[in-house]
Amino acid sequence: GKKERGRRKRGSKHHQSSSSKGLRRQKRDWVIPPINVPENSRGPFPQMLVSIRSDQDRNISIRYSITGVGADQPPNEVFSIDPVAGKMFVTKPLDRERRSSYHLRAHAVNMNGERVESPIDLYIYVIDMNDNRPEFKNQVYNGSVDEGSKPGTFVMHLAAFDNDDNTTANGMVRYRILSQTPHSPIPNMFTINSETGDIVTVAAGLDREKVSQYSIIVQATDMEGNLNFGLSNTATAIISVTDINDNPPELTSRTFSGEVPENRVNVVVANLTVIDRDQPHSPNWNAVYRIISGDPIGHFTIITDQHTNDGMVTVVKPVDFEQNRAFMLTVVVNNQAPLASGIQSSLQSTSGVTISVVDINEPPYFPTNPKSIRFEEGVPAGTSLTTFSASDPDRFMQQSIRYSKLADPADWLSINNTNGQIITTATLDRESIYVKNNIYEATFLAVDNGSPMASGTGTLQIYLIDVNDNAPSLLPRESQICERINRNAGINITAADTDTDPNVGPFVFELPTFPASIRRNWTVSRLNGDYARLSLRTQYLEPGVYEVPVIVTDSGNPPLSNRSIIKVKVCPCDENGDCTLVGAVAAAGLGTGAIIAILVCIIILLSMVLVFVLWMKRREKERQTKQLLIDPEDDVRDNILKYDEEGGGEEDQDYDLSQLQQPDSLEHIISKPPGVRRVDERPIIPESQYPIRPVVPHPGDIGDFINEGLRAADNDPTAPPYDSLLVFDYEGSGSTVGSVSSLNSSSTGDQDYDYLNDWGPRFKKLADMYGGGDDE
């Protein structure tokens, strides 16, 4: 058995006496009641809580231990036990708000670790102390209540939480209102339920227009509200007084006035101002204006300005000064939201509005526009058609109207500028391109003499009644037909008339009696009112082109006739009834002999072209083989050089021609010092412009080229002193050869060319040609 706080297990003495008598009692375990430990104890620590001992510790050595949360489980070492004496201690202050109870088990074992007693349950309860204040979740709470609310109306709810034991006075919170701001109309407009924290109104008189918000300080105290022992905390409740429509809108004046120009729309003519003490820009404040009298037709409407709440009287239908010089409107204003219960409309919600109409100069107008009249076409110039006059709507202004023509496409009409009389200036023609669907339109302008002047336009529509003034015509103008009669052969002809019913069809088609050959060779048969067929009367008619006159007459009163000529080509046809090619040509007026002659001429012309081409090719070939200036065996063309590139003479057989090329640039020559020149450079002087010659002239054109160059040199007074036939490069000073520029280019005068024989074999041919040698 075990003991608590030194007490032995009950019945131990009886157990001894029973043993002596030979009786045995059943062993009962010792039950330890729960242990209460106050929180926040100040010690000293460790502080003993209970002593546990086993009955067997007299005979054997026993060791005690405890297990559980707070002993060997977190939080560790809150409780401890003396392993020999069995005394259990608490080692630190306890906090009920962290852990309110502990469940431990006590164990007793011998030195070998063998259990000698069953484990005992130990229950430790932490006793609460008032160590926590009530806490509000928020420091500021917001609520609202309608203005004019009755006493007892719920406003809002506040709640504070105390971490202490709420089953004891430590955690029992009570509420009260410490202050109210402002104190209007009384300091205590609200009260709070001390237990639930509900705030309600306690008095009437909430008026948003006077006080729109209240600030209330609420205190929460534990210990059931005992201010001497309890802990307290405070929070602020902001109560907004919400608006209701308890203030009707009031117009600032009993009467308003404005003016409007006539015939104007979407113009603000008056501005109505209103006062409403309710919440701005809310349905309780927004004004709605209505016109309840004075505008039966609906000329005006009132638009509310969303920012200022003013009413803008606007014209939506034009007003006429001549009909209404002024309007007396009655206007009433309300809110978008209805008035609150028990609130009556104000007498100032209704006002009168006087709108004056301003007279302006209105343009003249044509009462009938467009105006339609009917006349027969063909009426002569100078005919009076109608009077197209305008009216001036300004009856109270003494004004005159003048008329003019604005649009007259055919220029048929004129108008009297004072009375509007319409007179024709040309014959009216229904068939004119300016007449559409028998109607001719003209536009006229009427202008008054007001300030400023105003004008109006009117359209006159003249319906032209048709008269039979156009003879019919026939289509087609040309056609063709087979030379032999065929029961299906014929030419369909159509009559056309620019007039209209009843001056058109049905038409009468007939052939003239003269010449007699017309009716002998041709016949015309009517198919219907507008169509007829022209066909051959004879079995055969010689091919050719025939001009067949046909007379067509309309049904007008009186009827009109027209003689139309149809050119008909009569031609041979194939088995399908179509004109053959030869037949079409024959029908054009050419016989077989003429056709053959044309073909022969074409063949001859082609042959001549072929012969000419062959002759040109042969001549070209001869020119290729023709001698240049001498016989073919004396041809010296191999020695003809382009004299832009002079060689070094017959003594110099092996020379580099690249040194004789004319340089592209003269910079290297110009940059040389004076007196130093290459012998193959051209002098830096302007050259005369000569005819451009080809790089390699045709052999047959060399003589012509030389003669052209010679003539150019003779006739050019600005020619430089070097040869113009072949432009030689400047040879420089000190040359052993005389300058060829000293030669006379003219062909006149006698020259002695015998010295050419002394120049060597290269100049032998030249000496023979000019020196009169043996070969000549």
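Overview of results
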{"item": "Hz values of 3J(HN,Hα) by residue in the range 450-462 - Karplus curve (6.51, -1.76, 1.60), Gly and Pro given as x", "result": "x, 10, x, 5, 10, 9, x, 10, x, 10, 9, 10, 9"}
{"item": "Calculated FRET value between residue 234 and residue 273, using beta carbons and R₀ = 51 Å, to 0.05", "result": "0.60"}
{"item": "Computed E for residue 621/residue 753 - FRET, C-beta separation, R0 51 angstrom, nearest 0.05", "result": "0.90"}
{"item": "Separation of the residue 194 and residue 281 label points, Cα + 7 Å toward Cβ, nm", "result": "4.6 nm"}
{"item": "Heavy atoms of residue 547: accessible area, 1.4 Å probe, square angstrom to 10", "result": "110 Å²"}
{"item": "Prolate/oblate/rounded label for the range 50-139 (Cα gyration tensor, a/c 1.5)", "result": "prolate"}
{"item": "Residue 501 accessible area, assembled protein chains, probe 1.4 Å, Å²", "result": "110 Å²"}
{"item": "Charge tally in the Cβ shell below 13 Å around residue 111, where Lys, Arg are +1 and Asp, Glu are -1, residue 111 excluded", "result": "0"}
{"item": "Phi to ³J(HN,Hα) by Karplus 6.51 cos²θ - 1.76 cosθ + 1.60 over the range 474-485, Hz, x for Gly, Pro", "result": "10, 9, x, 7, 9, 6, 9, 8, 6, 5, 10, 5"}
{"item": "Exposure rank, largest accessible area first [89, 79; 1.4 Å]", "result": "89, 79"}
{"item": "Share of alpha-carbon pairs per 10 Å distance bin for the range 250-358, given as whole %", "result": "15, 46, 27, 10, 1"}
{"item": "Accessible heavy-atom area order of 99, 133, highest first, probe of 1.4 Å", "result": "133, 99"}
{"item": "Rg [Å, one decimal], Dmax [Å, integer] - the range 135-242, C-alpha atoms", "result": "14.4, 47"}
{"item": "Amide H contacts under 5 Å for residue 54, placed H, 5+ residues apart", "result": "3"}
{"item": "The range 439-535: C-alpha gyration tensor shape, a/c 1.5 cut-off, then a/b vs b/c", "result": "prolate"}
{"item": "Three-way shape label, the range 473-587, alpha-carbon gyration tensor, a/c 1.5", "result": "prolate"}
{"item": "From phi via Karplus (6.51, -1.76, 1.60), per-residue ³J(HN,Hα) for the range 350-357 in Hz, x at Gly/Pro", "result": "10, 9, x, 10, 9, 10, 8, 9"}
{"item": "Accessible area in the full protein assembly, largest first, 1.4 Å probe, for 103, 299", "result": "103, 299"}
{"item": "Sequence-distant residues sharing a close amide H with residue 117 (under 5 Å, placed H)", "result": "108"}
{"item": "Rounded Å value of the spacing that divides the Cα centres of the range 284-298 and the range 68-132", "result": "87 Å"}
{"item": "Cα centroid separation - the range 194-236 against the range 301-319, whole Å", "result": "49 Å"}
{"item": "Solvent-accessible area of residue 453 with every protein chain in place, 1.4 Å probe, in Å² to the nearest 10", "result": "140 Å²"}
{"item": "For the range 370-443 versus the range 525-576, the gap between their alpha-carbon centres in whole angstrom", "result": "46 Å"}
{"item": "Heavy-atom accessible area per residue - the range 135-242, 1.4 Å, Å²", "result": "51 Å²"}
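The values are calculated or read from the model by the stated rules, or taken from the named source; none is laboratory data. Since the model is a prediction, treat every value here as computed from it, not as a measurement. Cβ coordinates were reconstructed from backbone atoms using ideal geometry, including for glycine residues, and neighbour counts include every protein chain displayed. Please note that ligands, DNA and RNA were not included when accessible areas were found on the heavy atoms of the full protein model with its side chains. Shrake-Rupley method; radii C 1.70, N 1.55, O 1.52, S 1.80 Å.
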